[in-house]
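The values are calculated or read from the model by the stated rules, or taken from the named source; none is laboratory data. Being a predicted model, the structure only gives us computed values, none of them experimental. Reconstructed Cβ throughout: ideal geometry from the backbone, glycine too, with neighbour counts over all protein chains shown. Areas reflect the complete protein model, heavy atoms only, side chains present, ligands, DNA and RNA absent. Shrake-Rupley method; radii C 1.70, N 1.55, O 1.52, S 1.80 Å.
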Amino acid sequence: MRGLFIGRFQPYHLGHHEVVKRILEEVDELIIGIGSAQESHSIENPFTAGERVLMISRALDELGVRKKVYIIPLEDIYRNSLWVAHVCSMVPPFDVVYTNNPLVYRLFKEAGFRVLKPAMVNRTEYHGTEIRRKMLEGEDWEKYLPKAVVEVIREIRGIERIREIAGRDF
Ligand code: ATP
Ligand code: MG
């Protein structure tokens, strides 16, 4: 059985990581779709698709995952009614979708897919928007991310980037 888990992963945090671990107990193979792949260098979407691939792939290395995981960037098509077909055209065939995002849930359900909602994991802290706010405001952010992801963000000078793009005109 092959599962699909889609997110923007801006950044990939410990909530995502825990969900992935749990899904991997249920499926033979997992596809991780990176949504809004074309976006980067903005407050909502600071990291490129490639940087997000690196975060996820290194975090999975840390887990020593033996199962097959496909990490696939997915660009937005700005047309919700056609989005599921777009995703299907980009990823290997799958049997089940895992999501806690209401729109993603609705779209795959309408298309006739089996969709499961993974249990939320410490959502107050493991929440992308909140983690990006902490990065911007100089609060602790490292403890909400897998160690490998912290390393990637350091390597790419991610915090500097977020603060710079949030700044005012010179
Ligand atoms: P943002 O605030 O930027 O939307 P996010 O934390 O919701 O960040 P997404 O990339 O939007 O991260 O999430 C991808 C998927 O993971 C979605 O289905 C989302 O509901 C789910 N998810 C996010 N955080 C958690 C969590 N702490 N526990 C379980 N599922 C989560
Ligand atoms: Mg979200």
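Within segment 134-158, being in a helix (DSSP H, G or I) and either open to solvent by 50 Å² or more (accessible area, probe 1.4 Å) or of a type in the set (D, E, K, R) (or both) holds for Lys134, Leu136, Glu137, Glu142, Lys143, Lys147, Glu151, Arg154, Glu155.
Phe170: open to solvent by 70 Å² or more (accessible area, probe 1.4 Å), of a type in the set (Phe, Trp, Tyr) and farther than 25 Å from Gly50 by Cβ, yes or no? Considered against the rule, which asks whether it is open to solvent by 70 Å² or more (accessible area, probe 1.4 Å), of a type in the set (Phe, Trp, Tyr) and farther than 25 Å from Gly50 by Cβ, Phe170 comes out as yes. When the test is whether a residue is under 16 Å from the mean Cα position of the chain (by Cα), farther than 30 Å from Glu29 by Cβ and surrounded by 12 or more Cβ atoms within 10 Å (Cβ to Cβ), Arg161 does not pass it. Across segment 96-116, the qualifying residues are those that are within 15 Å of the chain's Cα centre (by Cα) and assigned to a loop (DSSP other than H, G, I, E, B), and the one among them that is nearest to ligand 2 (Cβ to nearest atom) is Asn101. For Leu82, the criteria (1) free of Cβ contacts under 8 Å to residues at least 60 places away in the same chain; (2) under 29 Å from Ile162 (Cα atoms); (3) part of a helix (DSSP H, G or I) hold in every case but one, which is (2). Filtered by the rule that a residue be open to solvent by less than 50 Å² (accessible area, probe 1.4 Å) and within 6 Å of ligand 1 (Cβ to nearest atom), segment 114-133 gives Pro118, Val121, Tyr126, Gly128.
Residues in segment 35-50 that are free of Cβ contacts under 8 Å to residues at least 60 places away in the same chain and either among the small types (Gly, Ala, Ser) or closer than 17 Å to Val65 by Cβ (or both): Gly35, Ser36, Ala37, Ser40, Ala49, Gly50.
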